[in-house]
Amino acid sequence: NIFRISADLSHLASIVILLETIRKTRQVDGISLKTQLLYVLVFCTRYLDLLTFRWTSLYNTLMKFFFIGTSIYVIKLMQECKIKNPVAYKDMMARDTFQIKYLLGPSAILAMVFNYKFTILELCWSFSVWLESVAILPQLFMLSRSGKAGTLTTHYIFALGLYRALYIPNWIWRYYTENRFEKLSIFTGLLQTALYSDFFYIYYKKVIKGGGFELP
Amino acid sequence: STTLLEHDEL
């Protein structure tokens with residue numbers, strides 16, 4: 001459906017913007033390494049079904065490989081910046097101070113409690129949706145601490161937030177057309193979108209209506 | 001549905 005396609009395209013766009021940001025500036029200014037590492041973990045734990053070879057569609061499989069591949073590629077690019085631009089890298093690390101154990105621990109516990117089946121694959125899947133819902137927090141934390149962000153960085157976060165937000169009308173659509181109701185995806189998706197709400201508001205005010213991006 | 005959901009979303 002149109003919402004699902006738009007969401008996935010928005011997700012793709014966010015990654016293209018992120019790669020463009022790193023490529024263009026040749027540094028990692030304003031990008032949280034911790035958030036990016038969390039995304040590698042999110043995609044690797046969610047797409048374990050690739051190993052079972054029970055593929056739903058070519059589209060699905062290609063996208064899964066794309067998300068795993070690009071998330072790892074981002075880490076590689078960031079590590080290159082460490083060598084090329086050590087001062088900027090150190091500066092980023094000094095500001096990337098969110099304690100991710102507070103995201104990993106609860107996600108693991110929530111996955112044990114809320115899952116569709118107590119199997120490795122399902123537990124990892126549940127862990128990945130819980131973790132994804134909060135994975136942006138180190139990035140938002142970094143942004144709010146510095147108070148400023150490059151335009152590309154804000155576009156990246158916006159596109160990334162829009163992706164999960166668009167999944168919500170997709171779930172409503174699927175509920176009516178397929179009678180499908182995946183409660184874990186829906187709950188974590190709502191949580192994820194809620195975490196972006198503040199950011200969306202500031203983005204709308206500053207970026208859409210003109211002017212620079214500054215957080216209080 | 002009562003069967004295990006297929007995770008066909010990304």
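The values are calculated or read from the model by the stated rules, or taken from the named source; none is laboratory data. Everything numeric here is computed off the predicted structure, so don't read it as measured data. Using ideal geometry, Cβ is built from the backbone for each residue, glycine included, and neighbour counts are taken over all protein chains shown.
The selection criterion, being within 14 Å of chain B (Cβ to nearest Cβ) and of a type in the set (Val, Ile, Thr), holds for residue A:68.
Listed by first and then second residue, the pairs with beta-carbon distance under 7 Å, at least 6 apart or on different chains, first residue in the stretch A:118-144 and within 14 Å of chain B (Cβ to nearest Cβ), second outside any helix (DSSP H, G or I), are A:122/A:115; A:122/A:116; A:123/A:115; A:125/B:7; A:126/A:114; A:126/A:115.
Taking the condition away from chain B (no Cβ under 14 Å), in contact (Cβ under 8 Å) with a residue 60 or more places away in the chain, within 16 Å of the chain's Cα centre (by Cα) and over 29 Å from residue A:1 (Cα atoms), does residue A:103 pass? Yes, satisfied. For residue A:113, the stated conditions do not hold, so it cannot be described as surrounded by fewer than 20 Cβ atoms within 10 Å (Cβ to Cβ), within 17 Å of residue A:18 (Cβ to Cβ) and either within 14 Å of chain B (Cβ to nearest Cβ) or not aromatic (Phe, Trp, Tyr) (or both). Return a yes/no flag: does the stretch A:13-33 have any residue that is within 11 Å of chain B (Cβ to nearest Cβ), modelled with pLDDT under 90 and in a loop (DSSP other than H, G, I, E, B). No, that holds for no residue.
Taking first residues from the stretch A:50-63 that are more than 10 Å from every other protein chain (Cβ to nearest Cβ) and partners that are assigned to a helix (DSSP H, G or I) and basic (Lys, Arg), the Cβ contacts under 7 Å between residues at least 6 apart in sequence or on separate chains come to A:50/A:64.
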